[in-house]
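A.B. asks: Okay, handing you the structure first.
Where a number appears in this text, it was derived from the coordinates with a stated rule and is not lab data. For clarity, every value in this text was computed on a predicted model and none was experimentally measured. Backbone-built Cβ (ideal geometry, glycine too); neighbour counts: all protein chains shown.
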Amino acid sequence: MADVMCLLSEPNKDDVFLDPFAGSGATTKARMNYPHKKIIAGDINPKRHFIEKLDATKLERFENGSVDKIVTDPPWGLFDKNVDIDSLYTKTLESFYRVLREGGILVMMVGDRRLFEKLLEKFKNKFVLRQKLHVLVSGKKAGVYKLVRN
């Protein structure tokens with residue numbers, strides 16, 4: 001799945017690539033197989049030495065428009081019921097909009113497609129939905145969304 005998501009982002013040699021929910025690093029490792037300028041992997045709770053501590057809802061260390069591609073798989077809210085997925089996704093999309101350059105690509109996998117598509121309505125002036133895939137991940141329904149920043 002990580003390779004598919006990376007391919008959806010249309011990799012090229014000039015990409016500044018970000019995965020702010022890197023977790024185990026699978027997406028980041030997959031992206032290393034494609035041309036890039038720079039790869040940044042982060043997570044609020046880094047588990048690997050190459051993943052830095054980042055809060056995807058803020059991305060404070062990034063300048064506006066400094067990232068070309070974001071490919072990520074944020075929490076789905078299945079295991080930690082204390083996570084407010086609506087709020088997490090809203091804040092995350094706001095920070096992604098800020099750091100992505102105009103025309104930059106976001107590929108995001110989510111567990112609650114209905115919630116995410118409802119949120120996309122709020123962001124219709126900021127992102128254009130280019131592709132939507134319905135997938136099964138470990139037997140769980142999920143969605144992969146390719147968005148382009150306006």
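A.B. asks: Failed condition for residue 143, given (1) surrounded by fewer than 15 Cβ atoms within 10 Å (Cβ to Cβ); (2) without any contact (Cβ under 8 Å) to a residue 40 or more places away in the chain; (3) not aliphatic (A, V, I, L, M), with all others met?
C.D. replies: Evaluating residue 143 over (1) surrounded by fewer than 15 Cβ atoms within 10 Å (Cβ to Cβ); (2) without any contact (Cβ under 8 Å) to a residue 40 or more places away in the chain; (3) not aliphatic (A, V, I, L, M) leaves (1) as the failure.
A.B. asks: Tell me which residues, restricted to the range 1-38, are in a loop (DSSP other than H, G, I, E, B), surrounded by fewer than 20 Cβ atoms within 10 Å (Cβ to Cβ) and of a type in the set (D, E, K, R).
C.D. replies: 10, 13, 14, 37
A.B. asks: Another question, if that's okay. What is the number of the single condition among (1) within 14 Å of residue 73 (Cβ to Cβ); (2) surrounded by 15 or more Cβ atoms within 10 Å (Cβ to Cβ); (3) out of contact with any strand residue (DSSP E or B) (no Cβ under 9 Å at 6 or more places or on another chain) that residue 95 does not meet?
C.D. replies: The single condition residue 95 does not satisfy is (1).
A.B. asks: Looking only at residues that are part of a strand (DSSP E or B) and charged (D, E, K, R) in the range 82-125, which one is farthest from residue 71 (Cα to Cα)?
C.D. replies: Of everything passing the filter in the range 82-125, 102 is farthest from residue 71 (Cα to Cα).
A.B. asks: Does the range 5-15 include one or more residues that are in contact with a helix residue (DSSP H, G or I) (Cβ under 7 Å, 6 or more places away or on another chain) and farther than 14 Å from residue 70 by Cβ?
C.D. replies: The answer is no, given that none of the residues of the range 5-15 is in contact with a helix residue (DSSP H, G or I) (Cβ under 7 Å, 6 or more places away or on another chain) and farther than 14 Å from residue 70 by Cβ.
A.B. asks: Among the residues in the range 126-138, are any within 22 Å of residue 87 (Cα to Cα), without any contact (Cβ under 8 Å) to a residue 40 or more places away in the chain and buried (at least 16 other Cβ atoms within 10 Å of the Cβ)?
C.D. replies: Yes, the range 126-138 contains at least one residue that is within 22 Å of residue 87 (Cα to Cα), without any contact (Cβ under 8 Å) to a residue 40 or more places away in the chain and buried (at least 16 other Cβ atoms within 10 Å of the Cβ).
A.B. asks: Do you know which residues across the range 40-69 are out of contact with any Asp or Glu (no Cβ under 7 Å at 6 or more places or on another chain), touching a residue at least 24 places away in the same chain (Cβ under 8 Å) and not in a loop (DSSP other than H, G, I, E, B)?
C.D. replies: 40, 67
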